[in-house]
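Quick note: the coordinates plus some simple rules give every number you see, no bench work behind them. Treat the numbers as computed from the prediction; the structure is a model and nothing was measured. Cβ: placed from backbone, ideal geometry, glycine included. Neighbour counts: every protein chain shown.
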Amino acid sequence: MNKITILWVDDEIDLLKPHIIFLQGKNYDVITCQSGQEALEELQQSQVDIVFLDENMPGISGLETLAEIKKIDLSLPVVMITKSEEEFIMEEAIGSKIADYLIKPVNPNQILLSLKKNLDHSRLVSEKTTSNYQQEFRKIAMDLSMVNSVEEWVDLYKRLIYWELRLEDIEDSSMFEILESQKAEANTHFGKFVERNYESWFDGDGPVLSHSLFKELVQPELKEGPTLLLVIDNLRYDQWYAFEDTVSSFYKKNKEESYFSILPTATQYARNAIFSGLTPLAMEKKHPDWWKNDTEEGGKNLYEADFLGAQIKRLGLDIKWEYHKISTLKQGKNLSQNFKSQKDNDLTVLVYNFVDMISHSKTEMEVIKELASNDKAYRSLTQSWFKNSPLLEIIQQAQQMGMKLIITTDHGTINVKQPSKVIGDKETSLNLRYKTGRSLTYEEKDVLAAKDPTEIHLPRINMSSSFIFAKNDLFFAYPNNYNHYVSYYRNTYQHGGISLEEMIIPFVVLSPK
């Protein structure tokens, strides 16, 4: 391993001889200079790993030298050392992207800590993270065999996400592979938990579900001034965490809760349920003109505003509200440009079709497969999209208008890996994570089957229709042209079935900073 080379710049360098001897004893090479000009000349000739720079020197000052160093090599870490604790010097140095800031007199251990922090940081973090996860792995493995409540599942899922985010950047990929297998095992147990308990949740013995979200969680927030309710399609918990920091520049988080998407975890069911405040079965009975089953022609989410209006009336809310749905970049820009028109509303509801936004076309599955082949890339894509979208501009305007912000979604999504064979007639629905139709043939171990859909509050298209929901990371494939179909859809993001990623989703309330 090559020695690390330090360039130390100080007009009183002779007084620092004990520090330099100490560092040489720790196997560092130290080049010394007595002025900023000398240091800049040295940098043109020598490869160095880090610079220790005195702020107060004759000739060009430390801050001026810093500016010139950054022109030579923007990524070279520079540690500013100064006698002064004046705030403007600190601000100048920090604004110039220094790596660290030390006040004289410095002791050798401070220097060593700064070196480790700046040059050895990733290795140290990697080792510490790996060690901590190894301990947590055993705890999660034990908890998996015992977890048996909604609250425990939410807690365990959030722990898995926490470690996924911590491990994704470390050098030891084997740890990440262990986590992936642990997530898969968790989803196996979660599927069994949902199978045992899902039906009872509709009797009030369970989590907040899609159809109770507005009444239980949104309505109480409407008593305290104008509110922007933002429903981002397909948003998983880890994706929310990917852009939470960006939102926090404008808003502070008041609370974060989890709620569960109903089955199927698909837009036409889950999002209509949010806005109607009704189960799909109740929607079909109460609003037959607005509800469409899978086999019916036409858009399945065309009446969200009507559903919402009916729910608001049913709840007796005397509020001024507007509903907007954004499915294209142009629509997003138009709303951003005219958002001030929402200032007199008690409630502004904004549905943002996130997947359409990042793909810009109906070939969204192929585009996302290219850009996001795994969860880390999918999070990164989400973050990049959000930072450059009209949605961020809308959020900034909402903050300036003093609006409370609620961020939530209708369901999550999962990267599907394994096919499961299914056979159905030509009326069978097309979704890869759930199927509804007559005479379905399937692998029983792979699915939760609802032979009487009304028992889980889903409409029955005809007398012999049933629903099946894929568990884990499975996707349904027909025997015809099986190999082509499987290779085309494997490693794509799908929703509609039963997984932690699809069902446990965020509800976040924020107030303007």
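Remarks
- Computed from backbone phi with θ = phi - 60° and the Karplus coefficients 6.51, -1.76 and 1.60, the 3J(HN,Hα) list for the stretch 289-298 is 6, 9, 8, 10, 7, 3, 7, 7, 6, x Hz; x is used for glycine and proline.
- Rounded, prolate or oblate (a/c below 1.5 giving rounded, otherwise prolate when a/b exceeds b/c) for the stretch 180-235 by Cα gyration tensor: oblate
- Extreme residue, positive dipole direction of the stretch 205-256, given options 212, 254, 225 (C-beta unit charges): 225
- Summing +1 for each Lys or Arg and -1 for each Asp or Glu among the other residues whose beta-carbon sits under 11 angstrom from that of residue 423 gives 0.
- Sequence-distant lysines (8 or more away, or on other chains) whose Cα lies within less than 17 Å of residue 313: 215, 223, 286
- Scaled against the 2.2 N^0.38 Å expected of a compact globular protein of N residues, the Cα radius of gyration of the chain reads 1.21.
- Cα centroid separation, the stretch 202-225 to the stretch 307-358: 19 Å.
- Candidate lysines for bridging to residue 333, where Cα separation is under 16 Å - those fewer than 8 sequence places away on the same chain excluded: 325, 387
- Prolate/oblate/rounded label for the stretch 292-448 (Cα gyration tensor, a/c 1.5): oblate
- About its Cα centre, the stretch 96-239 has a charge dipole of approximately 740 debye under the convention of +1 per Lys or Arg Cβ and -1 per Asp or Glu Cβ, with nothing else charged.
- Neighbour net charge for residue 212 - beta-carbon separation under 15 angstrom, K R +1, D E -1: -3
- Compactness ratio for the stretch 123-201: Cα radius of gyration over 2.2 N^0.38 Å (N = residue count) comes to 1.20.
- Inverse mean reciprocal Cα-Cα distance (Kirkwood Rh) of the stretch 366-494, Å: 17.3 Å
- Computed Kirkwood radius, in angstrom, where 1/r is averaged over Cα pairs of the stretch 265-350: 14.2 Å
- Charge context of residue 482, other residues only, Cβ under 14 angstrom, K/R +1, D/E -1: +1
- Taking a straight line from the alpha carbon of residue 83, these lysines sit under 16 Å away, with near neighbours fewer than eight places off in the same chain left out: 104.
- Cβ charges +1 (Lys, Arg) and -1 (Asp, Glu), total dipole of the stretch 1-60, debye: 360 debye
- Here's the picture: a label point sits 7 Å out from the Cα of residue 482 along the beta-carbon direction, and within the stretch 400-437 the residues with their amide nitrogen under 13 Å of it are 419-423.
- Entries in 252/343; 253/292; 70/117; 292/426 that, when Cα-Cα distance is taken, lie over 25 Å: 253/292
- Dipole-positive endmost among 468, 458, 491 within the stretch 415-494 (Cβ charges, Cα centre): 491
- Using Cβ point charges alone (K and R +1, D and E -1), the dipole size of the chain about the Cα centre works out to roughly 1720 debye.
- Shape of the stretch 210-324, Cα gyration tensor, a/c cut at 1.5: oblate
- Length gained on full extension, residue 449 to residue 149: 105.8 nm, using 0.36 nm per residue less the C-alpha separation.
- Placing unit charges on each Cβ (+1 for Lys and Arg, -1 for Asp and Glu) gives the chain a dipole about its Cα centre, and among 384, 156, 478 the Cα reaching farthest toward its positive end belongs to 478.
- Counting other Cβ atoms within 10 Å as a rough exposure proxy, the listed residues 119, 315, 235 run 315, 119, 235 from fewest neighbours to most.
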